[in-house]
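A short worksheet on the structure shown next.
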Amino acid sequence: MRIGTRIFLDKLRGNKEFCCSQFDILEIQDFVFPENLVHGIESLHKEYHGLLKSFNGEITIHGPYMDLNPISMDESIKQLTFERYLQAVEVAKVFGSKWIVIHTYFSQIHNCEPWYQDYWVKENLLFWEKLIPILEREEITIVLENVFDVNPEPLKRMVETLNSKYFKVCLDVGHCNVFSDYSIGTWLNVLGESVRYLHISDNDGIRDNHLAVGKGNIKFKDIARNLQKKEERIIAISEAFCSLKEEKEGLNLLKKGF
């Protein structure tokens, strides 16, 4: 298992030595904001390049999600989403990254409708079929991150149907604990080999608190046991809102199986 942390430029400025020496992966999250995609790529890359000269690990990118929706019934929103994702691919190329994290946009509001999960799968397939050839050409992998998803089945159906090694899953264990009635072990078992990336934080099961590992009620020992057979190829990124030392300690516990 390779371990890392989420960073914004301000976080890296204040913690450069620790971030560069203690983590295998740094996930840059500045590009979740559209403004940085439109106007900030060059300036952000210039400063990151200077700060990361001593970093020998891998950079990954969290893609945009503000006000986007790949399965919107408004065609203009869908088109803007496509354009933003193309920009995210360009960001990955500039930063030399092979991984982009993208949200699933599953809606718990619309999930009350009996047709919604099939609609979600169908519309996602139509959207992503247009991007997969670009990902394959650039050899960049998108990992879809569960957010409000209530169960893993729609995501499994979609990823298996697309059947591309450049389109996989980022399992956010905190989101599972808050928004799904299925255990995190069930999510891992159902999604199987498509899970290549993890977002790690703890919470109380009510709110997405982004606590340090062990400070909430997530059963990380069970997760560690479930990961034993696949842990070598997994990327685990801490999204805990705590000290970097606590982030590193929590990831090491997960890596060692507690």
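The values are calculated or read from the model by the stated rules, or taken from the named source; none is laboratory data. This structure is a prediction, so every number in the text was calculated from the model and none was measured. Glycine also receives a Cβ, built like all others from the backbone with ideal geometry; neighbour counts cover every protein chain displayed.
Could we say that D172 is surrounded by fewer than 19 Cβ atoms within 10 Å (Cβ to Cβ) and not polar (S, T, N, Q) here? No; evaluated as a whole, the condition is false for this residue. Among all positions in segment 148-166, there is no residue which is in contact (Cβ under 8 Å) with a residue 12 or more places away in the chain, closer than 16 Å to I234 by Cβ, of a type outside the set (A, V, I, L, M, F, W, C) and not in a loop (DSSP other than H, G, I, E, B). Is it fair to say N146 is over 25 Å from D24 (Cβ atoms), buried (at least 17 other Cβ atoms within 10 Å of the Cβ) and among the polar types (S, T, N, Q)? No: the conditions fail for N146.
The lone criterion from (1) touching a helix residue (DSSP H, G or I) at 6+ places or on another chain (Cβ under 9 Å); (2) surrounded by fewer than 18 Cβ atoms within 10 Å (Cβ to Cβ) left unmet by L52 is number (2).
Residues that are β-branched (V, I, T), part of a loop (DSSP other than H, G, I, E, B) and in contact with a Gly (Cβ under 8 Å, 6 or more places away or on another chain) within segment 167-216 comprise just one, V213.
Applying the set (1) closer than 30 Å to R137 by Cα; (2) buried (at least 19 other Cβ atoms within 10 Å of the Cβ) to G192 leaves exactly one unmet item: (2).
Can you tell which of D181, D149 is farther than 29 Å from K245 by Cα, at pLDDT below 95 and not polar (S, T, N, Q)? So that I can check it myself, show each step before the final result.
Details: D149 fails: at pLDDT below 95.
Within the list D181, D149, the selection yields D181.
Cβ-Cβ contacts under 9 Å between residues 6 or more apart (or on different chains), taken from a first residue in segment 52-68 that is touching a residue at least 40 places away in the same chain (Cβ under 8 Å) to a second residue that is part of a loop (DSSP other than H, G, I, E, B) and polar (S, T, N, Q), are listed as E58/S97; T60/S97; I61/Q29; I61/S97; H62/Q29. Among residues of segment 117-142 that are within 16 Å of L86 (Cβ to Cβ) and in contact (Cβ under 8 Å) with a residue 12 or more places away in the chain, those with a Cβ under 6 angstrom from a residue that is surrounded by 15 or more Cβ atoms within 10 Å (Cβ to Cβ) and among the small types (G, A, S), sequence gap 6+ or separate chain, pair up as I132/S164; I140/A92. When the strands (runs of 3 or more DSSP E) confined to segment 1-111 are screened for residues that are hydroxyl-bearing (S, T, Y) and either over 24 Å from L244 (Cβ atoms) or at pLDDT 95 or above (or both), those reaching at least 1 such residues are found at 2-7, 58-62. Just one of the listed residues (I200, I218, I235, I184) is aliphatic (A, V, I, L, M), over 14 Å from E145 (Cα atoms) and surrounded by 18 or more Cβ atoms within 10 Å (Cβ to Cβ), namely I218. Figure legend. Inter-residue proximity from segment 187-201: first residues under 15 Å from M158 (Cβ atoms), second residues assigned to a helix (DSSP H, G or I), beta-carbon distance below 6 Å, spacing 6+ or different chains. Indicated pairs: W187/C176; V190/K156; L191/K156; S194/V159. Just a yes or no: is a residue in segment 191-204 at pLDDT 95 or above, closer than 19 Å to H62 by Cβ and basic (K, R)? Within segment 191-204, one or more residues are at pLDDT 95 or above, closer than 19 Å to H62 by Cβ and basic (K, R).
Would you mind finding the one in G174, G192 that is closer than 25 Å to F23 by Cα and out of contact with any Leu (no Cβ under 8 Å at 6 or more places or on another chain)?
On the way: G192 fails: closer than 25 Å to F23 by Cα.
The match here is G174.
Based on this model, can you work out whether K122 counts as within 21 Å of I200 (Cβ to Cβ), modelled with pLDDT of 95 or more and not hydrophobic (A, V, I, L, M, F, W, C)?
Details: within 21 Å of I200 (Cβ to Cβ): no; modelled with pLDDT of 95 or more: yes; not hydrophobic (A, V, I, L, M, F, W, C): yes.
When the stated conditions are applied, K122 does not pass them.
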